Amino acid sequence: MARKANIAKEEIIEACWHLISENTFPNIPRLSEYFKKLDGRGCSNTTLLNAISEWEEAYREQSASELSDLAESIEPCIDRFNRDLIKAVSVVLDEKIRAHEESLSLRKASLEGRSDALSEALSESQIALEERTIENHQLKEALEKQQKSNQQLTTQNEGMLSRTRVLESDLAAMKRQLEEADAALHQAQVDLAKQDIKIELLTDANKSAQSQIQQLQQSKTQEYDQQVKSTVLELKEIAKSLQNKGAER
């Protein structure tokens, strides 16, 4: 029979959080060892299993909430990056269109004999092109940084998912082990109950045998006493007869 629980469910759940904070997934043997080292207390496997099941539900909800929070924190960064990228590309396209238009204007001016204006416009175009080149390089660096950040977030997310799968696998294995242990415990309880019945029957048979022995002893004692009394009477009669014969002589 399982021992009566003397550990509160809340204490077991708190112990589960303590173990998981140390990267140790809680199960029945680990919790039993935890409380044994803590203060020497113990309780039944059923009490531990019920508390673990309630903790698992809370842990699953917390993990889902953390994943949701992570997705929500990543989404604004991705949206901002997309907006910045579209804005930067638009600026570059506008500048290139403007530069092309200026180039066409310079060609037209050149054909009309405006060589001075052409030289000045060409110089301005070259300066603008250099500035756009620098800005484009800066945009590329910013894009690479953002891609690295996204890759790190993706790696972290995959790690959390992998850990969740491992925990779920451990939980399934622990449940199977517990079911096997419960089946063995049930069989042991059945065997113990059968033994108790046999012991009770043997005890009753022993009491009955002792009673019969006592009755037999009493019967034998009474019979022996009766035989002694009969013998004494016979001896008295013989003695009396002998005395009478002696008197007659």
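Per the listing SER125, SER119, SER208, the residue uniquely modelled with pLDDT of 80 or more, in a helix (DSSP H, G or I), open to solvent by less than 100 Å² (accessible area, probe 1.4 Å) and more than 26 Å from ASN27 (Cβ to Cβ) is SER208.
Scanning the stretch 9-43 for residues that are among the small types (Gly, Ala, Ser) and under 19 Å from LYS175 (Cα atoms) yields ALA15, SER32.
The values are calculated or read from the model by the stated rules, or taken from the named source; none is laboratory data. Predicted, not measured: the structure shown is a model, and the values here were computed from it. Cβ: placed from backbone, ideal geometry, glycine included. Neighbour counts: every protein chain shown. For the accessible areas, the whole protein counts, side chains as well, though only heavy atoms, and no ligand, DNA or RNA atoms are used. Shrake-Rupley method; radii C 1.70, N 1.55, O 1.52, S 1.80 Å.
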